[in-house]
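Step one of this worksheet: look at the structure below.
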Amino acid sequence: DDRQLLREVVDYYWHTLEREPGPRDYLRRRGLDHPELVSTFKLGYANRSLAYRLPPKSKTRDDDVRGRLMKVGILREATGHEHLCGSLTIPVFDENGDVVELYGRKILDNLRAGTPKHLYIERKGRPDRGVWNLMSLVGEEEVILCEALLDALTFWQAGYTNVTSCYGSDVLPQGHIDAFVRLGVKRVLIAFDRDAAGDSGAEMVKAKLAGVGIGCFRVKFPHGMDANEFALKVRPS
């Protein structure tokens, strides 16, 4: 079914990253070189090879694998190309271990003007992208909330495993609020970028969480910096 299909795609991208030097070098440059980081979060790399591993397109079967990959957002309907091609991939799992979202971060510098660096598969019928690192938040009264997944990975590598991300500074998904309430979270440390968008987003998050009785505090980086940039700056050489 679609759940198994997405798990197999995530596994394929994971093994692709292990074979490709480019994404590993990118992670090292970002300071994300913890030996367990890739395996714990099933980080992967989409290098356009997935389509070449598939059987020829079927003209008669409704459940053709290429059509199903288009349905779940892995292949683009217009071209059949991999949606996250050239991206480091970070899956988001639910409490059952099913993939509810797949984020892609372009890692190449030679992108055409206007090419977005941040992509999601945004599964049809599943508008909520899920809560990344959900199971590590169980039993935690305090949670660190980042606006980007690479920043959240930076906290995890530094030993702060009670961390998640809300996929941007401009919205706090209702699924996150519901999860925090369900898990009994009392405090959220907002670790957004220290810029105008991050400041505005932090105020929005604070207001929404105050409405459900959760206290908020701001993690303040130097002006213009995010968690990953700050960690690289203070990292021992």
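The values are calculated or read from the model by the stated rules, or taken from the named source; none is laboratory data. Predicted model only: the values in this text are computed from it and were never measured. Cβ atoms come from the backbone with ideal geometry, glycine included; neighbour counts cover every protein chain shown. Just the protein is used for accessible areas: all its heavy atoms, side chains included, with ligands, DNA and RNA removed. Shrake-Rupley method; radii C 1.70, N 1.55, O 1.52, S 1.80 Å.
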What single numbered condition from (1) within 15 Å of the chain's Cα centre (by Cα); (2) more than 25 Å from Glu36 (Cα to Cα); (3) not aliphatic (A, V, I, L, M) fails to hold for Gly215? (1)
Among the residues that make up region 174-190, is at least one of them open to solvent by 30 Å² or more (accessible area, probe 1.4 Å), in contact with a Ser or Thr (Cβ under 7 Å, 6 or more places away or on another chain) and assigned to a loop (DSSP other than H, G, I, E, B)? no
Which condition breaks for Trp132 when tested against (1) open to solvent by 70 Å² or more (accessible area, probe 1.4 Å); (2) within 30 Å of Gly67 (Cβ to Cβ); (3) not small (Gly, Ala, Ser)? (1)
Scan region 157-182 residue by residue and report those that are under 16 Å from Glu203 (Cα atoms) and of a type in the set (A, V, I, L, M, F, W, C). Cys166, Val171, Leu172, Ile177
